[in-house]
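Take a look at the structure below.
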Amino acid sequence: QVQLVESGGGLVQAGGSLRLSCAASGRTFSRYAIAWFRQAPGKERQFVATINLSGSNTYYRDSVKGRFTISRDNAKNTVYLQMNSLKPEDTAVYYCAAAPSYSGSSYASEYDYWGQGTQVTVSS
């Protein structure tokens, strides 16, 4: 139903910032809750943040609260993840995912559509 493409990853020093974007195709983008997940080498895919279809509610894993901000612009079919005060443990491939629901969850199995990911590397 929708295709997702992430961008904005790169190499940054600890304490720096990056802004990731998730661009979606499809006129029904506003009907989906969106989440960001990440996966580091040798680790399971990990929930990062989610936002409901209107952008009025967000939820974050504890380790990124106060540092990351998820937002969406339905007119542009885009979701963002602003990442500040980055730490080496944030290094991973970051994926956005879409669920046909008003609100998302922290469970990867709830999401039907996934992007191919963008690499974020934080040096110490």
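Observations, loosely collected:
- Each residue of segment 77-83 was assigned a 3J(HN,Hα) from its phi angle through the Karplus curve 6.51 cos²θ - 1.76 cosθ + 1.60 (θ = phi - 60°); the sequence is 6, 9, 10, 10, 10, 7, 10 Hz, with glycine and proline shown as x.
- Only protein atoms count toward the accessible area here, which uses a 1.4 Å probe; on segment 3-114, the carbon and sulfur part of that area reaches 46 percent.
- Taking chymotrypsin sites (Phe, Trp or Tyr not before Pro) across segment 15-124, the ones in a DSSP loop with at most 14 further Cβ atoms lying within 10 angstrom of their Cβ are 102, 107.
- Within a Gaussian network of the chain (alpha carbon springs, distance under 10 Å), most fluctuating of 67, 38, 19: 67
- The GluC sites (Glu not before Pro) of segment 2-98 that DSSP puts in a loop, and whose beta carbon has at most 13 other beta carbons within 10 Å, are 44.
- Hull volume in cubic angstrom per residue (convex hull over the Cα atoms of segment 1-121): 89
- Mean accessible surface per residue for the chain, computed with a 1.4 Å probe while every protein chain stays in place, in Å²: 52
- At R0 = 41 Å, FRET efficiency that the Cβ-Cβ distance of residue 109 and residue 13 yields, to 0.05: 0.70
The values are calculated or read from the model by the stated rules, or taken from the named source; none is laboratory data. Values in this document were obtained by computation on a predicted structure and should not be read as measured data. Cβ coordinates were reconstructed from backbone atoms using ideal geometry, including for glycine residues, and neighbour counts include every protein chain displayed. The accessibility values were calculated without ligands, DNA or RNA, using every heavy atom of the protein model including side chains. Shrake-Rupley method; radii C 1.70, N 1.55, O 1.52, S 1.80 Å.
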